[in-house]
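Reading through the structure tokens given below for one structure.
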Amino acid sequence: MLIKCQQSELSPALSAVCKIVPTRTTIPVLKGCLCSAEKGKFCVEVTDLESGLKIQIPAETEKEGKTVVEARYLAELIRRLPDTEVTLSFDEEAQQLVISCGRSCYRLNTWPVEDYPPFSLLASEGKYKIVGSKFKSFLKRLLFAVAPQDIRPGYSGVYFHFKGNVLNIVATDTYRLALLEVENEEFLEDEIFVPAHVLGEINRILNDEDVMSISWNNGMATFQTPYFNFTTRLLETKFPNYQQVIPLTSQLQVKVNRLELMAALERASLFVSSPDHKQSSITQLVVDEQSIYITAVSSHIGSLYEEVSLLDTSGGKCEAAFNTRFLLEPLRVMESEAIVLNLNGADGPAVYHEEEVGSYFHLVLPVRPVS
Amino acid sequence: MERVILLADMNSFFASVHQAIDPSLRGKPVVVSGDPSTRHGVVLSASYEAKAKGVKTGMTVREARATCPEAIFVKSQYHLYLEFSSRILRIMHNFTPFVEPFSIDEAFLDVTGCQKLFGPPITIARKLKERIRQETGISCSVGIGPNKLLAKMAAGLEKPDGLTVLRHEDVPHRLWPLPVRELFGVGPRYEYHLNRLNIRTIGDLANFPVELLKRKFGVKGEVLWLCANGIDASPVDPNTLKQTKSIGQQITLPRDYRNGELKTVILELADLVSYRARLKKCIGKTVVLFLKDPHFYCLCRRQTLPEYTNLAADISRTALELLKRNWPANWSVRMVGLALANLVPQYADQPALFDEKEKIKSIEKACDLVRNKYGKETIFRAASLKEGCWKYYT
């Protein structure tokens, strides 16, 4: 193996694969990355046996070949090099990867290629294709609503539901639910439940202009672009019937300026952020014909009262208490100037949706004060 | 101005309560114990008449009977002691608002600011003792000192019915000759480690280089050294009991149980603990399991949960995991304890869209309503109908 490539291209690729490399493992070779020199390109591949990522960058290949080196050291070393041409070659006699850059030379020990577990990549015929920037804008609206893996592993993913001409993308941590409705031009009928951490990594490495094709089969899915190929095991838990929790009617529908409401809630979140209040990050909303009245009280800090005037209302009054963070987070990712808020009393869910886009819903369950 | 702190310590509290409500027991050796048939047969408290005959707290009932055959044995009645304790605290509150309950039969009082009302400290202490005796029939020892530590040490110097003043200048001649074990905060472990440093008396500790103690015992080493010198700046905090840190329940089993049988006991304890947490409107994040085997080997393991809870389902599941991980299945158990720690107040309950927990929450809530109305033991799991469950040991 002998290749030449640019540090500026090699370094991001290696940092990206390092995110997949398991930090603690009983199989030492999993700490490695499989480097291979192919015609005109250099590929680096890692797996944690749950998912596998392969990234390819353009390179001047003088001799093809493969080797496995410890990913973290290779990535850290390359990251610290200046932005110039880097040469990677394999010293067969010493069984070491030789990295040379300018007048310096580094040698890294390797593992035999045969020891590296193969992680099967699915056939690349994509079932669904999407432009990078669009996919990233979807993820932005969904990922924050996913449950952390250690708390509710069964909900730590994003659910893609293809049905008729719509694709519903859903994320929930059971306290709130984000739903994005997009067009399903291929008229697929299927469902996949993708681990959120995989989507998080894709969100980081996906180029805006690349077209990504997604294919899935037998509990595995592959996300492929010219730059990377990301294969992962899908979540096996059954996603709940999300459609039954979305209220069809609402007690009160109001329209407000998104930024105004967001700013008020940002201030409210300050009043509920003291450490002893971890559990009581509650903001009280009272809505009448004119305004939303926001109150937040902390015995240690003080209290807050805000009024946000309504742009439009269906008429009527409503009162409910919410976890401030759950009210605030969707406002941060929405884009339209005015948003619609549907309220269903102190026990029913509140639903945000964006005025112009119309396809993004965010449902939040109110909290019940402990009397 | 120098602080004036009082510590009032009820003498033989449980036994005194029984003597107070039953005049026929007065002046007689009274021993309060658990029920020997369920292996709770340990002396919890002995009246001074019984103590004079050699009965000590912690003895088994059999030993106590052998030491003092004429003793009158009384079964413990916890609600009585709580009632007397709160009556006594109410009397203390007539003297100062700064009353810190330290245990069921002890409390600190900060009377620095009340001397214009009630006179000098000794007069206050006499008045307090007199009122407690008149209104509840219980005698107490009072220690007076410039801080909590010296007040506590003073109260221990003269028992029963004592009244002792310990000033800073008294420390060398009154405290220093005492064995180091007598110092507040020194238990058998510290006694052992201090003895190894040839520290035998409180005076030895007070004159030991503090740097060496710090290096050996960390912060606690310095605290002990300060205590030995009579220095303590901690305030009398009337709210200590208001912030609950953990809620626990433990039981000595009527016979040795094996792992399989323990499951029901843990479920029962989890029900009690979670019920108490909900009554206090608390949620906790850490589950603590405590086990003791027939040879008094103890094991305490804790597990912190990802989310706060006060549901019996969460507590028992975590406790059973701890049991499975840390206790061999064929190993007998004499005592089980279960606690929910890392508590914070629960202000609100966040319902979930899809969780089965909603169901469990409403079941446990419904059980609470039954318990509140008809008593703690009126509702229980079907598993508790089996032999060896709470019906058989309470």
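A few remarks follow.
- Condition met for A:Val364 (within 14 Å of chain B (Cβ to nearest Cβ) and closer than 18 Å to A:Ala268 by Cβ): yes
- Counting only strands (runs of 3 or more DSSP E) that fall entirely inside segment A:1-58 and contain at least 3 residues that are under 17 Å from A:Val69 (Cα atoms), modelled with pLDDT of 90 or more and open to solvent by less than 60 Å² (accessible area, probe 1.4 Å), the qualifying elements are A:32-38, A:41-47, A:51-58.
- Any pair with Cβ under 7 angstrom, 6 or more apart, that starts in segment B:51-64 at a residue that is of a type in the set (Ser, Thr, Tyr) and ends at one that is outside any helix (DSSP H, G or I): B:Thr57/B:Val43; B:Thr57/B:Leu44; B:Thr57/B:Ser45; B:Thr57/B:Ala46; B:Thr60/B:Gly41; B:Thr60/B:Val42
- Looking only at segment A:154-164, residues that are touching a residue at least 40 places away in the same chain (Cβ under 8 Å) and either closer than 15 Å to A:Glu201 by Cβ or surrounded by fewer than 16 Cβ atoms within 10 Å (Cβ to Cβ) (or both) come to 3 in all.
- Applying the condition of being part of a loop (DSSP other than H, G, I, E, B) and free of Cβ contacts under 8 Å to residues at least 40 places away in the same chain to segment A:165-175 and asking which residue is nearest to the other protein chains (Cβ to nearest Cβ) yields A:Thr174.
- Some residue of segment B:241-264 being open to solvent by 50 Å² or more (accessible area, probe 1.4 Å), under 28 Å from B:Asp110 (Cα atoms) and more than 14 Å from chain A (Cβ to nearest Cβ): yes
Condition check ((1) among the charged types (D, E, K, R); (2) in contact with a helix residue (DSSP H, G or I) (Cβ under 9 Å, 6 or more places away or on another chain); (3) surrounded by 16 or more Cβ atoms within 10 Å (Cβ to Cβ)) across all residues:
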| site | (1), (2), (3) |
| --- | --- |
| B:Gly156 | no, yes, yes |
| B:Tyr190 | no, yes, yes |
| B:Asp204 | yes, yes, yes |
| B:Glu222 | yes, yes, no |
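- Residues within segment B:331-350 that are more than 8 Å from chain A (Cβ to nearest Cβ) and among the aromatic types (Phe, Trp, Tyr), tallied: 1
- Enumeration of residues in segment A:345-361 that are within 14 Å of chain B (Cβ to nearest Cβ), open to solvent by 30 Å² or more (accessible area, probe 1.4 Å) and over 22 Å from the mean Cα position of the chain (by Cα): A:Ala346, A:Asp347
- None of A:Glu329, A:Glu307, A:Glu335, A:Glu319 is crowded, with 16+ Cβ neighbours inside 10 Å and either acidic (Asp, Glu) or in a loop (DSSP other than H, G, I, E, B) (or both) except A:Glu329.
- The selection criterion, being within 16 Å of B:Asn342 (Cα to Cα), out of contact with any Gly (no Cβ under 6 Å at 6 or more places or on another chain) and either not assigned by TED's automatic domain parsing to the domain that holds B:Ala339 or not in a strand (DSSP E or B) (or both), holds for B:Val273.
- A:Gln253 fulfils the conditions (1) under 20 Å from A:Val17 (Cβ atoms); (2) touching a residue at least 60 places away in the same chain (Cβ under 8 Å); (3) open to solvent by 50 Å² or more (accessible area, probe 1.4 Å) except for a single criterion, (1).
- Lone unmet requirement of (1) open to solvent by less than 10 Å² (accessible area, probe 1.4 Å); (2) part of a helix (DSSP H, G or I); (3) modelled with pLDDT of 90 or more for B:Leu289: (2)
- Scanning segment A:326-344 for residues that are within 13 Å of chain B (Cβ to nearest Cβ) and touching a helix residue (DSSP H, G or I) at 6+ places or on another chain (Cβ under 7 Å) turns up just one, A:Leu327.
- Any hit, segment A:248-267, residues being within 14 Å of chain B (Cβ to nearest Cβ) and polar (S, T, N, Q): no
- Residue match in segment B:351-358 (condition: in contact (Cβ under 8 Å) with a residue 12 or more places away in the chain, open to solvent by 10 Å² or more (accessible area, probe 1.4 Å) and in contact with a strand residue (DSSP E or B) (Cβ under 8 Å, 6 or more places away or on another chain)): no
- For segment B:260-286, the tally of residues that are within 18 Å of B:Leu385 (Cα to Cα) and in contact with a strand residue (DSSP E or B) (Cβ under 8 Å, 6 or more places away or on another chain) stands at 6.
- Test: residue in segment B:298-313 that is away from chain A (no Cβ under 14 Å) and in contact (Cβ under 8 Å) with a residue 40 or more places away in the chain: yes
The values are calculated or read from the model by the stated rules, or taken from the named source; none is laboratory data. In this text the structure is predicted, and so the values were computed from the model without any measurement. Glycine gets a Cβ as well: all are built from the backbone with ideal geometry, and neighbour counts include every protein chain shown. Just the protein is used for accessible areas: all its heavy atoms, side chains included, with ligands, DNA and RNA removed. Shrake-Rupley method; radii C 1.70, N 1.55, O 1.52, S 1.80 Å.
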